[in-house]
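Student: Quick one: the structure is below, questions incoming.
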Amino acid sequence: MPEHPTVEAVLPKPVAAMRDDLLEATGQTADIRRTSPLHYLLRLASERVELTVTWRRNHRGTWKWSTSTLTVDGTPRELARDFDDFVRIWNDPDVLSRPGGRSELPELTPVSDETQLPDRVRQTLDNTRDTARRKDTDSNINAFAAATDSGYTIQLSGPKGTLHIHYTPSRRTPGSWALAPRHPFRMYDTNGMDRTSKFGGDLSTAMADMFGLSAAPAVPGQTGHTRQASVTNSVQVRRHTVIRV
């Protein structure tokens with residue numbers, strides 16, 4: 001007979017962590033049942049949305065995510081991309097049917113005077129525009145620079161999506177600018193969905209995807225392959241790589 005654990009100590013850590021994350025994000029406590037000696041089932045439901053997550057214990061005694069289901073208005077839907085995407089769906093189920101409703105693409109405002117841009121930022125902007133204007137490319141790339149809270153972002157938009165290249169003040173050389181050390185770029189598809197992970201943190205590959213392998217411009221300040229720093233925060237790892245919800 002399935003068990004219904006009521007004592008905190010009986011829950012495996014990943015199950016308890018997911019329950020706590022969901023409670024914090026939705027304000028609702030998930031129902032958790034041990035459906036067999038090897039399985040736990042988590043269920044979180046509102047009037048319109050239902051999520052189930054199943055964990056399975058492996059031969060080493062470690063509990064691992066096994067499967068998930070997501071139902072909206074009684075209809076099975078594709079799983080959310082990650083935890084934050086699920087919360088977005090939970091709070092607004094209609095986001096699934098609105099064109100661009102799940103877009104993660106930040107809205108940027110072009111700077112009014114590009115002559116005031118830092119040299120390195122302006123050089124990157126000029127390089128990308130020059131490449132887009134070449135007769136041998138049909139990429140139709142539109143580029144502009146925008147000021148952000150942390151520095152400047154160059155936005156490149158084209159048929160394959162949108163690329164954001166982030167610059168911040170250099171920590172090594174006062175007064176100069178460099179690619180943001182932790183997140184030098186973000187890539188979004190034509191629906192505004194973040195697909196940065198597809199490029200393994202390699203800005204060169206992302207640029208080649210935008211322009212084509214033979215046409216990608218060099219990025220000032222880039223040495224070899226610019227890779228994004230590994231995320232070590234346990235919450236981010238749990239929410240974005242361990243379990244799809």
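Student: Put +1 on the Cβ of every Lys and Arg and -1 on every Asp and Glu Cβ in the stretch 8-102; which of 46, 23, 63 then has its Cα farthest towards the positive end of the dipole?
Tutor: Looking along the dipole axis, the top candidate is 63.
Student: Label points 7 Å out from Cα along the Cβ direction at residue 71 and residue 133: separation in nm?
Tutor: For the pair residue 71/residue 133, the computed spacing is 5.8 nm.
Student: Along Cα→Cβ, 7 Å out, is where each label goes; now give me the distance between the ones at residue 16 and residue 183 in nm to one decimal.
Tutor: 3.0
Student: A follow-up question, please. Quote the charge dipole size of the stretch 114-211 about the Cα centre in Debye, to the nearest 20; the model charges only the Cβ of Lys and Arg (+1) and of Asp and Glu (-1).
Tutor: Around 180 debye, computed over the stretch 114-211.
Student: When we measure straight from the Cα of residue 198, which aspartates and glutamates land under 20 angstrom away, once same-chain ones fewer than 8 places off are left out?
Tutor: Hits, sequence-local ones excluded: 78, 82, 84, 85, 104, 189, 209.
Student: Also, quick follow-up: What per residue convex hull volume, in Å³, comes out for the stretch 40-108 when only alpha-carbon positions are used?
Tutor: Per-residue hull volume (Cα only) is 101 Å³.
Student: Continuing with the same structure: Sort 18, 193 by Cβ crowding within 10 Å, fewest neighbours at the top.
Tutor: 193, 18
Student: Something else about it: Hey, fewest Cβ within 10 Å first, where do 194, 84 land in order?
Tutor: So the residues, fewest neighbours to most, are 84, 194.
Student: Further question on the same structure: Explain nothing, just the number: relative contact order of the stretch 8-102, from Cα pairs under 8 Å at least 6 residues apart, as a whole percent.
Tutor: Over the stretch 8-102, the number comes to 17 percent.
Where a number appears in this text, it was derived from the coordinates with a stated rule and is not lab data. Bear in mind that the values here come from a model prediction, so they are computed numbers and not experimental data. Note: ideal-geometry Cβ built from the backbone for every residue, glycine included; neighbour counts use all protein chains shown.
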